[in-house]
Amino acid sequence: MMPITEFLSCTRVFDEFESLSPAQRHHAKTYATGLVAASNKTVAGIAREVLPAQGKRALNKFLTEYDWDEQEFNHERLEELQKHGETRWSKDGYIILDDTITEKAGDEVPGVGRFYDHAEGDTVWGQDLIYAFYADDKTAYPLTFRLYEQQDNEDNDHDTKYDLARDIVTELEEEVGVPADTYLFDSWFAHDSGLPDHIESYDKDWIGPLRSNRKVTYAGEELRVDALAERIDTVERDIEDDAYHIWTKKLPVSQLGDVKLVLAEKETEDDEENPVKYFATNKIDAPTEHVIRSYGMRWRIETFFEDSKQDLGLGDCEMQTDEGASRHWHLLMAAYSLVRLDPESSALGTVRSKASSLRANLEHSLKEAVYNLLSWVRDNDDRGVDDLMEEIDHLFVHSTADANVQS
């Protein structure tokens with residue numbers, strides 16, 4: 001079992017969530033803590049390693065049978081984050097759209113299928129989740145997600161990834177009200193003209209790279225964007241201590257219409273290969289440096305995917321029902337957010353400002369908890385075993401108000 005007192009303090013925010021009953025709040029705290037602290041992130045592992053979990057059956061019922069609205073729970077999570085200066089969003093922030101594949105062994109979990117995983121460079125059997133993620137210079141956290149299910153020859157009723165991405169934008173703009181002015185997405189989502197159009201319908205901006213074979217119209221001729229790179233002269237510019245060769249112009253791009261097109265090649269040492277990037281944006285008047293610097297924020301969601309898979313059980317979901325799987329992923333987003341909640345008032349704050357990975361934060365928390373316990377033993381050598389056990393108990397999930405909660 002992994003003690004993490006700072007995180008347990010943060011889980012108290014669940015007490016304010018009207019979407020949960022008192023019993024459900026207890027299970028939410030237990031499950032979120034297990035996603036952070038347990039070595040095994042499955043229901044069985046959390047029930048075994050987090051005290052007092054009240055058993056695997058109780059957690060299973062919480063995820064699959066209890067009556068609570070995970071969408072409302074998620075909106076309450078986002079509302080809570082707006083109460084803290086370090087996690088409050090702003091119009092200068094960014095909403096990042098991207099998807100990630102989690103590999104699976106069986107075929108009973110929701111949405112499982114064969115997907116091409118760019119990280120692996122191969123097709124894998126797993127689930128495909130499309131996420132929206134908020135990021136600015138001070139914070140980053142997930143907003144919402146959709147599970148993508150492949151279409152087949154017999155059933156074409158499933159939404160496409162583009163449909164799901166547009167649905168996410170609608171939720172963020174009409175229900176959640178995220179003020180961020182700019183959406184970022186990769187070349188796959190930029191291929192769909194409907195997504196940029198949908199974003200623009202809310203008076204928001206977007207930036208996305210183009211594939212090298214995307215058609216542009218230049219000097220009255222339609223050609224591939226990578227062929228355009230051979231016809232123009234770039235200008236060298238320094239952006240955040242890196243040298244780039246840049247060319248930019250307002251041009252018609254297939255399916256996107258007139259956009260600001262930016263060709264950028266970053267200089268590297270030792271002849272390291274660094275292909276030209278082709279960025280498109282509806283920010284026609286934006287400085288080129290702003291476009292390149294803004295798109296650099298997209299790496300934040302990649303860090304979220306990596307941290308969540310390694311440390312929070314993103315790929316460990318064993319639920320075989322849509323509702324159970326959805327609740328697992330919503331609680332994971334809550335756990336990820338709470339680890340970053342109000343760092344200035346949290347004991348995790350000092351290390352969090354220096355560490356880029358979630359693993360480093362958790363390792364520091366464990367070391368700090370053990371150090372505090374040893375210091376207590378040293379400074380209280382006149383206290384008995386019962387006092388020591390009570391102090392140890394405070395390191396784990398414990399709440400007097402929840403002590404009598406029944407599963």
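The values are calculated or read from the model by the stated rules, or taken from the named source; none is laboratory data. Every value quoted in this text rests on a predicted model; they were computed, and no experiment measured them. As a convention, Cβ positions derive from the backbone with ideal geometry for all residues, glycine included, and neighbour counts pool all protein chains shown. For accessibility, only protein heavy atoms count, side chains too; no ligands or nucleic acids. Shrake-Rupley method; radii C 1.70, N 1.55, O 1.52, S 1.80 Å.
Observations
- Between the stretch 316-332 and the stretch 178-257, the Cα center-to-center distance that results, in Å: 36 Å
- Residues residue 138 and residue 83, FRET efficiency given R0 of 25 Å [Cβ-Cβ distance, rounded to 0.05]: 0.95
- Local electrostatic count at residue 47 - Lys and Arg +1, Asp and Glu -1, tallied over other residues with Cβ under 9 Å: +2
- Charge-dipole axis of the stretch 199-326 as Lys and Arg at +1 and Asp and Glu at -1 on Cβ define it, positive-most pick from 308, 325, 201: 201
- Derived scalar couplings ³J(HN,Hα) [the stretch 279-294; Karplus, 6.51 cos²θ - 1.76 cosθ + 1.60; whole Hz; x for Gly, Pro]: 9, 10, 7, 7, 7, 4, 8, 6, x, 4, 4, 5, 4, 5, 5, 5
- The stretch 89-155: C-alpha gyration tensor shape, a/c 1.5 cut-off, then a/b vs b/c: prolate
- Applying the criteria of a DSSP loop state and at most 15 other Cβ atoms within 10 Å to the GluC sites (Glu not before Pro) of the stretch 259-325 yields 267, 269, 272, 273.
- All lysines inside 19 Å of residue 83 as judged from Cα atoms, apart from same-chain residues fewer than 8 positions distant: 91, 138
- FRET efficiency for the residue 245 to residue 323 pair, using the beta carbon distance and R₀ = 60 Å, is estimated at 0.70.
- Placing dummy labels 7 Å off each Cα toward the beta-carbon, the span from residue 65 to residue 160 is 4.2 nm.
- Qualifying GluC sites (Glu not before Pro) for the stretch 12-81 [loop in DSSP, other Cβ within 10 Å: at most 14]: 18, 65
- Of the GluC sites (Glu not before Pro) in the stretch 113-193, those whose Cβ has at most 16 other Cβ within 10 Å and which sit in DSSP loop: 120, 154
- Charged neighbours of residue 199, selected by a Cβ distance under 10 Å, balance to -3 (K, R count +1; D, E count -1).
- Accessible area (Å², 1.4 Å probe, nearest 10) - residue 218: 50 Å²
- Exposure check, 1.4 Å probe, all protein chains in place: residue 83 carries approximately 130 Å² of accessible surface.
- Amide hydrogen proximity for residue 143: with H placed 1.01 Å from N in the peptide plane, the residues at 5 or more positions away or on another chain lying under 5 Å are 132, 133, 134.
- Placing dummy labels 7 Å off each Cα toward the beta-carbon, the span from residue 187 to residue 123 is 2.1 nm.
- Only Lys, Arg (+1) and Asp, Glu (-1) charged, at Cβ; the stretch 229-278 dipole about Cα centre in debye: 740 debye
- Kirkwood Rh, angstrom, the stretch 28-70 [1 / mean 1/r, Cα pairs]: 10.2 Å
- Pairwise alpha-carbon distances in the stretch 120-270 exceed 25 Å for 45% of all pairs.
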